[in-house]
Structure formats: C-alpha cells, structure tokens
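These notes concern the structure reproduced below.
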C-alpha cells in the first residue's frame with residue numbers, strides 16, 4: 001500500500017472548467033454492468049432481505065464485496081431505510097484499500113455514475129469540508145479504483161423513491177487522533193435529516209466457523225456504541241491467532257469515525273440485522289471466507305413534549321372532528337399552529353374516545369406519514385365511528401364526549417419481559433400475521449403484573465393464547481398521554 005501521499009487542497013474550480021463525473025470502476029466485476037441485469041439482481045436481493053424495523057435508521061453499515069457474495073446482506077441493511085425518506089444528503093464513508101495518508105479524501109470533482117444513472121454529489125458541502133478542515137482533501141489516487149463506495153450506490157438508487165445527494169468520503173488513515181478530527185468535522189451532520197452509510201466487510205480469510213465467532217465479537221462490540229469497546233474487540237480478534245485471519249474488519253477506521261460520533265448520543269440504539277459470510281454463497285469456499293454484517297443505528301425518540309396550549313388544541317381538534325363527522329356540519333375550532341414542531345411531528349399516536357367516562361373506541365397507528373394534528377383528527381373520527389368493538393357514538397352522546405390522546409415513541413424490540421416497566425411502557429406483540437397492542441396506561445388501570453399485561457395482550461388482542469407472547473416478538477414504547485377525561 002502506498003504511504004504518505006499528500007495532495008494540495010484545491011477546489012475543482014481551481015483546476016477544471018467543467019465537472020468530471022466519476023465513472024464506475026467495478027461494474028461488470030462486483031455487480032452487473034447492464035442496468036437490466038443489475039435491477040433484476042437487486043430485486044432478488046431485496047425480496048429476501050430482512051424486513052425493516054419500525055422507524056428508519058440514522059446510519060447503516062453494509063458490506064462491499066461482490067454482489068454474489070454480499071448482495072443479500074447489503075440489501076438487508078438498505079431495506080431498513082424507509083424508501084420514501086427524503087434526506088438532505090447521504091454520507092458514504094469507506095476505508096481506502098490502496099492509499100494511505102493522514103486524512104480523508106472527499107470526491108468534489110463531479111457526480112458519481114453507475115449503470116442505473118447519475119448520483120448527484122453535494123459538491124458545495126464537499127468543498128466546504130475540504131476548505132474548513134485540514135484532514136479533508138481530494139486525493140485522485142484514493143478514489144481511482146476504490147470500490148467500497150461505488151458498490152453501495154445501486155442499492156440506494158434501487159431502494160429510495162426520492163432523489164438524493166451524496167458526500168463520498170474515503171478514510172485513508174489509521175491514526176486514532178486524525179480519525180477523531182474527522183469525526184468532529186462530521187458530527188454536526190449526524191441527525192435524522194441525513195443518512196450515514198458505512199462500507200465495510202468483516203473478517204478476511206479465516207475458516208467458516210472461525211469467521212462466524214470473530215464477526216459476532218465485533219458486531220457485539222459495535223452494538224455497545226463504545227469506540228473503546230470496539231477497538232478492544234478488534235485487537236482481541238486480531239491477536240487471537242485465528243488461522244488465516246488477515247483483518248478483523250477491513251473498514252474499521254470508517255466504523256470508528258461513526259462510533260466516535262454516535263457514542264456522544266446516549267439515545268442511539270444499534271441493531272445487528274443479518275450476518276453471512278462468503279462461505280454461505282453458492283459454491284462458496286468455507287476454508288477461507290470474508291464476513292458480512294448488516295447493522296443499523298437508530299436514534300430512539302424521547303417521549304414527546306407539548307405545551308398546555310398545544311395539548312388543548314389537539315383535544316379540541318379531535319372533539320370537533322368527531323362532531324363534524326357525526327352531525328355533518330362544520331364546527332368552529334382552533335386552527336393548528338403550523339409552526340409548532342410538536343404538532344407537525346410524525347410520531348405514532350392513539351386516540352381513545354369516551355362517553356360519560358366509558359370507553360367507546362380506541363384506534364391508532366405506529367407509523368405516521370402526516371403531521372400529528374392531522375392524524376389525531378382522522379383517528380378521533382375513526383375511533384368514534386369505526387371501532388367494531390363498540391357502538392358508533394350518536395349525536396345525543398356528543399355532550400358527554402371526552403378524548404384521550406397518546407403520542408408514542410418508536411417501537412423498541414426487547415429480548416426479555418424483564419425490560420418492561422409497568423406504567424411506563426406500552427407493548428406490541430407480534431407472531432406471524434397476528435399482533436396486539438396495549439397502551440402504557442392499561443396495566444395501571446387494571447393493576448396487572450407484567451405477566452398479566454403480556455398474557456391479556458397475547459390472548460385478547462393478538463389472539464395467540466395466554467402464553468403466546470413467550471414465542472412472539474415483543475416491542476415496547478412510551479407515550480405522552482393527555483386529554484379531558486375527568
């Protein structure tokens with residue numbers, strides 16, 4: 001590997017009169033050069049990809065080997081992203097396989113090309129990183145034959161429904177100090193408006209079973225969201241005298257850049273999604289393999305907060321919507337504050353309706369694609385008129401109407417019922433096509449134990465029997481609850 005290559009920090013406008021789009025260098029090798037064949041392959045990978053969790057990740061890690069080896073695992077990583085997401089930009093970060101210098105190369109010469117078309121590069125931001133941070137430059141040698149970023153693009157092009165810009169970054173250093181500087185420069189962009197895609201394979205060339213053990217150690221270390229734990233795991237694996245092992249993780253420096261950033265947010269949850277290695281491929285050689293993980297980073301939402309005025313507005317909108325639907329006439333009500341971040345959030349929400357203090361309907365949704373205030377209005381009407389468990393509320397009952405609104409955090413999958421805190425957590429149980437949900441207040445209302453909470457939800461809601469929860473997927477969530485129920 002060449003070492004100590006430094007390049008003058010020129011902007012493209014200083015040297016070129018027109019942009020130089022980056023041509024694909026591994027099309028026809030790592031993936032098909034034909035757009036038709038490439039789309040067919042991508043379709044087959046996404047057809048068998050791990051299903052998405054509830055909520056879209058803020059970052060993913062995907063492998064970068066030839067698609068016949070790692071394509072299915074990569075698809076499982078990208079499949080976690082909501083295909084309708086609209087990002088300000090996507091940061092593609094990979095570690096150089098060929099060039100070493102004390103920094104990172106950012107492509108700022110033009111756009112990236114693949115058989116599926118052009119991918120726009122955010123050249124303005126690329127130039128800003130180069131001009132404002134000494135560790136960023138454009139190094140032609142780092143990009144020339146580098147495949148780690150290129151192979152990720154067709155997955156994004158195939159999966160995302162909206163246009164996106166990328167910031168292609170190739171890490172070319174193993175200096176922990178320099179990597180911290182790179183992380184600091186990128187930290188302001190680590191938010192739900194952007195997506196970070198880390199490109200890396202795991203162990204190289206150990207035997208099949210050795211690779212599985214080594215790669216599990218590294219994945220578990222990543223899941224701790226601790227740079228120190230991650231580096232210790234890399235050291236442990238590489239010093240464990242595994243026969244044939246060349247590296248524990250070829251893109252460890254890129255992973256460390258992300259962990260340096262994500263570890264500062266204690267609200268990050270890291271979930272390993274799927275694992276395979278090259279020995280799992282058709283005719284794969286199990287004597288010397290390369291490991292592949294799909295891993296997703298989620299920013300767990302905190303319970304929503306509302307001013308008293310915002311709560312009153314939502315309650316008023318819910319009740320007025322019900323009256324309008326039942327009476328068939330418009331009512332005077334408060335107009336939502338369209339500048340309110342809380343009212344325009346896309347949190348999941350349930351609306352419960354009561355008549356004279358008795359429940360007469362409760363409906364909701366975990367995934368929202370519209371502003372909260374709109375969802376509350378729609379769900380209020382549905383709960384009052386469409387909940388099949390109850391009679392529809394009548395015009396004569398409107399004066400006795402009360403509502404309760406529960407604004408939810410995203411679902412979080414748990415491994416043990418011991419993680420459930422009564423009064424704090426609601427539960428969502430899923431087994432096959434059957435599912436059931438209880439809001440956090442239900443356990444308190446009936447003074448249930450955790451086992452009773454789960455048993456009633458499994459039997460009465462999911463219809464899988466009292467003990468069905470023991471073999472089901474269990475998710476928890478929190479809720480901000482308010483209403484005018486006396």
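Each value in this text was obtained by applying a stated rule to the coordinates, not by laboratory testing. From a predicted model like this one, the values you see are computed outputs, not experimental measurements. Counting neighbours? That spans all protein chains shown, and the Cβs are built from the backbone with ideal geometry, glycine included.
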Output needed for segment 308-483: three equivalent-ellipsoid semi-axes, defined as square roots of 5 times the C-alpha gyration tensor eigenvalues, in descending order, whole Å. 30, 18, 13
Paired Rg and Dmax values of segment 427-486, which use every Cα atom, in angstrom: 12.0, 39
Residue-span extension gain [residue 327 to residue 120] - 0.36 nm each, minus C-alpha spacing: 69.3 nm
Give me log10 I(q)/I(0) at q = 0.16, 0.26 Å⁻¹ for segment 108-164, Debye formula, one equal scatterer per alpha-carbon, no solvent. -0.59, -1.16
Taking a spot 7 Å from the Cα of residue 471 along the direction of its beta carbon, which residues of segment 426-447 have an amide N less than 12 Å from it? 431-432
Highest average packing first - 56-65, 117-126, 237-246, Cβ atoms within 10 Å: 56-65, 117-126, 237-246
Helical contribution to [θ] at 222 nm, DSSP H n ≥ 4, -39,500 (n - 2.57), averaged over the chain, rounded to 500: -9000 deg cm²/dmol
Cα-Cα pairs above 32 Å in the chain: how many percent? 49 percent
Angle between the Cα long axis of helix 123-132 and the longest principal axis of the chain, 0 to 90 degrees, nearest 10? 70 degrees
Find the percent of Cα-Cα distances in segment 12-299 that exceed 35 Å, and round it to a whole number. 11 percent
Taking Cα atoms, how many degrees apart are the long axis of helix 308-327 and the longest axis of the chain, rounded to 10 and kept between 0 and 90? 60 degrees
Which FRET efficiency value, to the nearest 0.05, do you get for residue 162 and residue 141 by plugging their Cβ-Cβ distance into 1/(1 + (r/R0)^6) with R0 = 35 Å? 0.55
For residue 282 and residue 23, compute 0.36 nm times the residue count separating them, minus their Cα-Cα distance, and round to one decimal in nm. 90.2 nm
Hey, how many Å between the Cα centroid of segment 93-118 and the Cα centroid of segment 427-479? 48 Å
Could you give the nm distance between label points at residue 419 and residue 247, where each point is 7 Å from its Cα heading toward the beta carbon? 3.2 nm
Here the gain from full extension of residue 451 to residue 231, 0.36 nm per residue of separation minus their alpha-carbon distance, amounts to 75.2 nm
Within the chain, percent of DSSP bridges classed antiparallel, to nearest 5: 70 percent
Which residues among segment 446-481 fall inside the zone where the amide N is under 20 Å from a point 7 Å beyond the Cα of residue 308, along Cα→Cβ? 480-481
At q = 0.13, 0.20 Å⁻¹, what base-10 log of I(q)/I(0) does the Debye formula yield for segment 333-430 when every alpha carbon is treated as an equal point scatterer in vacuo? -0.56, -1.06
Compute the acute angle (0 to 90°) between the alpha-carbon long axis of helix 67-78 and the principal axis of greatest extent of the alpha-carbon atoms of the chain; round to the nearest 10°. 40 degrees
Cβ-Cβ FRET estimate between residue 193 and residue 98, R0 fixed at 30 Å, reported to 0.05: 0.40
